[in-house]
Amino acid sequence: MKNLLLIITVIFMSLLTSCSREEGMNSMEESKRVCILPEFPEDATATRARIDIASTHKLRCIIEVWTKEISPELVHREEVAVEAGTIPPFEFDLKAGDYSCLMWADFIERGAVAAPVTSGEVTYGHFEEIYYNTSNLHHVSIMDESAGNLFDTDLCDAFYAQLDLKKEENGFSKQLKLSRPFSKLIVKEKNTEKFSELKKLKVIYSVPKGFNVSLGEPTSETINAMNEKDFKSGDDSQILFTNYIFATSSPSGRALGTVLLSFTTKSKI
């Protein structure tokens, strides 16, 4: 189709910035346990802790604690899933020492159940996943080989945080603020008449496959994200597609690369 004009708007949603605010938790003052309370970005929540959840899904939050050594070892992992939108604090025992605390939150199906998984000496309940493989938060990866379920939906939204944790003999409490690991890409057709002629679209481009929560950066491995869609009669959004893409924290960003678009109109491709 000739003279197709595209407006590509990249919306950076609190990208890869993390700030944490320590607040006293009265219940922990006399305890020697660790208490970590997730706090979601303001644009994702009605309050600091509550986030909207689709009726078909649950919000799942994971915490991992690793030793700080040449060969780090996992000493604690825990997953919780809620329907109401408020993640409870993570409370657990931890020996004195230096640790790296990693956190990830995403959406899973409402009926998902946790099955026991053992990693080293740590056993935890692991929920069935839809969008991301989170078996190790040092390498969260896209599950779909073509990343097709990350297009045209906000249910693949996710959040992360990292904390250097120095545990003394006494208790430790921290409110940990999460950030998004993505840029959200929105591609629009500027011409309303041209958009109304569209019947089908196929798009292919390369994106990072994984994200390292510890570093707050995408991994080097890439995959070809592909999406095919039909346009419904009466759609006047002018949006060709949207996509969540793992983003770097570097000020210079990361090039998206070549985007291949194939359009089918009423009469031709």
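Odds and ends about this structure:
- Subset of segment 77-102 that is of a type in the set (A, V, I, L, M, F, W, C) and in contact (Cβ under 8 Å) with a residue 60 or more places away in the chain - its residue that is most open to solvent (accessible area, probe 1.4 Å): ALA96
- Count - residues of segment 163-191 that are more than 16 Å from the chain's Cα centre (by Cα) and assigned to a loop (DSSP other than H, G, I, E, B): 6
- Filtered residue count, segment 227-254, keeping only those that are within 28 Å of TYR160 (Cβ to Cβ), among the aliphatic types (A, V, I, L, M) and touching a Leu at 6+ places or on another chain (Cβ under 9 Å): 2
- Number of positions in segment 235-255 that are surrounded by 13 or more Cβ atoms within 10 Å (Cβ to Cβ) and either of a type in the set (Gly, Ala, Ser) or modelled with pLDDT under 80 (or both): 4
- The residues of segment 75-110 that are part of a strand (DSSP E or B), hydrophobic (A, V, I, L, M, F, W, C) and under 21 Å from the mean Cα position of the chain (by Cα), listed by number, are VAL80, ALA81, VAL82, PHE90, CYS101, LEU102, MET103, TRP104, ALA105, PHE107, ILE108.
- For beta carbons closer than 7 Å, sequence separation of 6+ or different chains, a first residue in segment 103-123 that is basic (Lys, Arg) and a second that is part of a loop (DSSP other than H, G, I, E, B), the qualifying pairs are ARG110/THR56; ARG110/GLU83.
- If you filter segment 44-66 down to residues that are in a strand (DSSP E or B) and modelled with pLDDT under 90, you find that the one that is surrounded by the most Cβ atoms within 10 Å (Cβ to Cβ) is ILE51.
- Close contacts from segment 171-183, counting a first residue that is within 30 Å of LEU256 (Cα to Cα) and a second that is hydroxyl-bearing (Ser, Thr, Tyr) and at pLDDT below 90, with Cβ to Cβ under 7 Å and a gap of 6+ residues or different chains, come to LYS177/SER18; LYS177/SER20; SER179/SER14; SER179/THR17; SER179/SER18; ARG180/SER14.
- Filtered by the rule that a residue be assigned to a strand (DSSP E or B) and surrounded by 18 or more Cβ atoms within 10 Å (Cβ to Cβ), segment 206-227 gives VAL207, PRO208, GLY210, PHE211, ASN212, GLU217, PRO218, ALA225, ASN227.
- Inside segment 119-162, residues that are of a type in the set (A, V, I, L, M, F, W, C) and in a strand (DSSP E or B) make up a count of 7.
- Flag for LYS194 being outside any strand (DSSP E or B), of a type in the set (Lys, Arg) and crowded, with 16+ Cβ neighbours inside 10 Å: yes
- Among the residues of segment 104-147, not one is closer than 12 Å to HIS76 by Cβ, in contact with a Pro (Cβ under 7 Å, 6 or more places away or on another chain) and surrounded by 13 or more Cβ atoms within 10 Å (Cβ to Cβ).
- Near pairs, Cβ below 8 angstrom, 6+ apart or cross-chain, from segment 228-246 (under 17 Å from LYS266 (Cβ atoms)) to any residue that is small (Gly, Ala, Ser) and surrounded by 16 or more Cβ atoms within 10 Å (Cβ to Cβ): ASP236/SER196
The values are calculated or read from the model by the stated rules, or taken from the named source; none is laboratory data. Values in this document were obtained by computation on a predicted structure and should not be read as measured data. We place every Cβ from the backbone using ideal geometry, glycine too, and count neighbours over all the protein chains shown. Ligands, DNA and RNA are stripped out before the accessible areas are found, and what is left, the full protein with its side chains, is counted by its heavy atoms. Shrake-Rupley method; radii C 1.70, N 1.55, O 1.52, S 1.80 Å.
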